[in-house]
Every structure is written in C-alpha cells, then in structure tokens.
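Notes follow the structure.
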Amino acid sequence: MIKAVRGFKDILPGESEKWVYLENLARKFFLSYGFREIRLPILEKTELFARSLGEATDIVEKEMYTFIDRQKESLTLRPEATAGICRAVIENGLYAQGKILKLFTIGPMFRHERPQRGRLRQFHQLNAEVFGSNAPGTDAELIALALDILDAGGARGLRLEINSLGCPACRPAFREALKEFLTGVREKLCEDCQRRVERNPLRVLDCKRQECQSLYVDAPKLEDFLCPACKEHYLSVLKDLETLNIAYVKNPCLVRGLDYYVRTTFEIKAPDLGAQDTVAAGGRYDGLIKALGGPDIPGVGFAIGLERFLLIAELPEDLSPPFDLFVVALGEEARRLVLPLVRNLRRHGLVVDLDHEGRSLKAQLKQANRLRARFALIIGEKELQEGKVLLRDMTTGTQEPLALAELETALLKRLVA
RNA sequence: GUGACCGUAGCUCAGUUGGUUAGAGCACCGGGCUGUGGCCCCGGGGAUCGUGGGUUCAAAUCCCACCGGUCACCCCA
C-alpha cells in the first residue's frame, strides 16, 4: 500500500469541518482588523529563505525541503510564510511611502523535522503581517489580534510571553557582554550551548536545560542594554497591552529561532499542548524587506499554528451541515422522474441525495437515517400510480402525502429556511 | 538526527508457557419485516498478523534488520 509521506496528514471529513470553521473564524478577525488576504506560492527559490531566515538557523541548515528542479534551480517548499510575503510585497510593489499594508495568509508550511504531538512536516499557519509601521501600537495590535482569534476558537489558559531583542544599534553591545559572561561559565554549559557561544550566543538563552537556565539568572539582561529608542518602543508596547487589559509575562530569554527579528518578539503558549506548546509566535523584522532588495520599510507579524490551535480549540459539537432530504426512489421509472427534482432542490442550496443503486426501501430509509436527513421523500410504484408521494419526517416518523404535480414548490416551502 | 514505547479485519482490541481453520465488539451488506429507518435477533463479506530474513517439527507469539506510528530530546507554529 502506498502511504502518505511521513509527517504529512490527510484531513478527513469530520476533521475538515473544524478546519473550515477555524479558518473562517480567523478570516473574520483578520478582516475586522483591516487585513486583506494574500495567497502565495508554496514553492520559492531557496535563496529567499537562506537570506531571510539566516544561513545559520536550524530551519535553513537542516529542515528545508529543497530540491533542484529541471532548470537546475534550487527550490524550497516554504518553511514559513513571512519570507514569501515580503518577496510578494517587493515584487508587486504593494508598498508606498507612508502606506500601512496589512496582509494575512493561510496555508501549508513544510519542515523536515521528526514528527510528534503538535509537530508535522506539513503543517498549517495563519499569518498576519503589517508593513510600513514603526509604531509600537502595531505590535500590540497584532498581539491582540492573535489572542482574539485564539480566544474565539475556545483556546483557554494561554500565556503571552514577550521580549525585546533590541536593534542593530544596541544588540551588539549586549551580545558582547553576554559572550563575556558565557565564556566565564563555559565549562558548566551543556554541549549545545558551548557550541552556541561562538555561533549565535543569544540562542543560549533559549536553552531548555535546567542546568543552563539556572546559570543564566545571573547573565546580563538584554533589557538593560536596549538603546533609548528600543526601550521606549518596548515600554510602549507593554503599555498598550496593559491598556487593552492583556496579561503578559516578560521573558528575557525569548530569542526565537529566526535571525530577522528585531525589537518585539512574542510567543503565545498553551500548557495543554505538551512539548510543542507554542501555538502562536511573532515579532518585528524591520530590516528584512530591505535585506531582500526592497525599500527600507519596517514589518511586524505573527503566525498561529493551525494544528496546534485545533488541539486546544473548543469547537461547537456538530459542525456538519444539516441534511435536508433523502429521496427514496423505488425502481428505475421513479428514479428517472425524481432526477430533475433533486437537481433543482440542490440548486436552491438544499442538501439532498438519492440512491442510484436500486436498493430496497428499507435500505434507503436506513441510509437516510444514517445521513441524519430531516426528511425522506418516498416514491414507488404505488405513488406513481396515485400521483402522490410521501414526505416522511425522519424525527417523528409521520408521513404527509404530497401531490406529484406540485411537488417541487411543496418541498421548497417546507425545506427552505 | 537521537531515545523509549508500539504495529493483529475499515475502527477499537483479545489471542495462555510457540501447538488445529487467528477471534470479538463497532462499522458495512443482507434477511427476519418480499414497501418503511432508529431497537432487537439471525446470517454474510472483510486479515499478505507492518515488511523481510532467521530459530523451530511448528511462529501473530522467540531473535535480527528495515518500514511506519506515538511520545520525548532537539527545534519550533
């Protein structure tokens, strides 16, 4: 048997309704926050991701689905959405001086990781990005948006963690101070962290090991190194959050895995998720557009992991659409007679089905029952002769005779809400 | 990439210290009720026991390898 590729999952009926529900819910919020949808290719030139995420990140180093196509060009299944959105913004000239551009997109991402709870190789994200705004209010607004979507989906007990990574003006000083500190305690660090000290010292702060974390309480804090502009920005974001009554936890160790972040970074965590507990994350990436060859406009955004959202979402019990009518046609003559009727009812938006297999009345009623049809329309030889069909209410079991001649209008009257 | 646990009908599982033809419940199809669903009863179809090798008179059962799944590490949405 040919099976789906490891880490790639089918979304089956029963599950797909939940996806549509959450996507629609998110769409509603994106639109009310003034965002417009952008749909993007899932395949991009490898260079785009290498340049935007950073060559030394785990994603670029070992998690991308990269291949050489027939034109001998290196292409990559997108591991995240921001790079592609930036590319599209630049390529299509969506920016303009002073214009605020708010975009969202929904779709699959691909990373070659070992699958586990809340982690797939193809997974899906809801992304929102704002271009052209330096204002801290934009950062706070995005956080509010993410939380509103998650809350409307019934996710509870969320924890917002926030940090500021500074900017190219102030981060280097902190980097040096941190490096110095780390060199002092180097022997006590775990293997991974020892490696990080040289390559990417900030990532050390993100280490999950208790031993390392207990050392870092004495480490220099990035917040103390922020330049006045970054400091003011950070405080203003926090203030907006407070004004919006949004609870947050400052996490000076929140570093994020992508190189392009500056200033605000945040994660929304859900304790119920298990090891992969980040359901949404985002931050500011002011230099990215320029680095990709575009104008010097700032950007902020976030992504919600849809699979993870689904794991903690509280959804309405029954998301399947109501099934209006099952037409029980007994015999070929009846079936032929009913064909145009069924089609017309469907064109009116009603959910209607019938049996083409020539099964018995009993079998067809059984199917109607299984489909949870509100009504069954019974038409056999007797009905054909008498010019009357039977409309059976499947919940009460009562049957009403309807004249064949005005059947369609009679049905529409009873079925259209 | 590393580790632990797990792989028996479509689904959930049973299968004794290795021993006839591998079972059950649910689901599906049919019948009881030849034109009335749900409840009940009866019957039926459906399994390369994850794959390949090995041990043995004999393997779903023991051993090895591989594949897949789950969870954790790592990393992240």
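The values are calculated or read from the model by the stated rules, or taken from the named source; none is laboratory data. Predicted, not measured: the structure shown is a model, and the values here were computed from it. We place every Cβ from the backbone using ideal geometry, glycine too, and count neighbours over all the protein chains shown. To get the accessible areas, we keep the full protein, side chains included, count just its heavy atoms, and leave off ligands, DNA and RNA. Shrake-Rupley method; radii C 1.70, N 1.55, O 1.52, S 1.80 Å.
When region A:27-50 is examined, which residues are found to be of a type in the set (Ser, Thr, Tyr) and part of a helix (DSSP H, G or I)?
Step one: list which residues in region A:27-50 are of a type in the set (Ser, Thr, Tyr), which gives A:32-33, A:46.
Correct list: A:SER32, A:THR46.
Would you check which residues across region A:355-393 are more than 6 Å from RNA strand B (Cβ to nearest atom), among the acidic types (Asp, Glu) and more than 13 Å from A:LEU325 (Cα to Cα) and list them?
Hits for region A:355-393 are A:GLU357, A:GLU386.
From the set of residues in region A:71-126 that are among the hydroxyl-bearing types (Ser, Thr, Tyr) and either within 14 Å of the chain's Cα centre (by Cα) or assigned to a strand (DSSP E or B) (or both), which is farthest from A:ILE297 (Cα to Cα)? Steps first, answer last, please.
Looking only at region A:71-126, we keep the residues that are among the hydroxyl-bearing types (Ser, Thr, Tyr), and these are A:74, A:76, A:82, A:95, A:105.
Okay, now just the ones that are also either within 14 Å of the chain's Cα centre (by Cα) or assigned to a strand (DSSP E or B) (or both), so A:74, A:76, A:82, A:105.
Numbers: A:SER74: 28, A:THR76: 26, A:THR82: 14, A:THR105: 20 Å.
It comes out as A:SER74.
Starting from residues that are crowded, with 17+ Cβ neighbours inside 10 Å, of a type in the set (A, V, I, L, M, F, W, C) and not in a strand (DSSP E or B), keep the ones in region A:257-288 and report whichever is nearest to RNA strand B (Cβ to nearest atom).
Within region A:257-288, the match that is nearest to RNA strand B (Cβ to nearest atom) is A:LEU258.
Scan region A:48-92 for residues that are closer than 19 Å to A:ALA291 by Cα, open to solvent by 30 Å² or more (accessible area, probe 1.4 Å) and modelled with pLDDT under 95 and report the count.
3
Scan region A:289-321 for residues that are of a type in the set (Val, Ile, Thr), in a strand (DSSP E or B) and more than 10 Å from RNA strand B (Cβ to nearest atom) and jot them down.
Of everything in region A:289-321, just one residue is of a type in the set (Val, Ile, Thr), in a strand (DSSP E or B) and more than 10 Å from RNA strand B (Cβ to nearest atom), namely A:VAL300.
If you take the residues of region A:394-414 that are within 16 Å of RNA strand B (Cβ to nearest atom) and among the polar types (S, T, N, Q), which of them is most open to solvent (accessible area, probe 1.4 Å)?
Per the stated criteria, the residue is A:THR395.
When you go through A:PRO220, A:PRO201 one by one, which is the residue that is surrounded by 21 or more Cβ atoms within 10 Å (Cβ to Cβ), at negative phi and not β-branched (Val, Ile, Thr)? Lay out the reasoning, then the answer.
Working: A:PRO220 fails: surrounded by 21 or more Cβ atoms within 10 Å (Cβ to Cβ).
The match here is A:PRO201.
Considering region A:322-349 alone, what residues qualify as being in a helix (DSSP H, G or I) and within 14 Å of RNA strand B (Cβ to nearest atom)?
Narrowing region A:322-349 to residues in a helix (DSSP H, G or I): A:332-347.
The answer is A:GLU332, A:GLU333, A:ALA334, A:ARG335, A:LEU337, A:VAL338.
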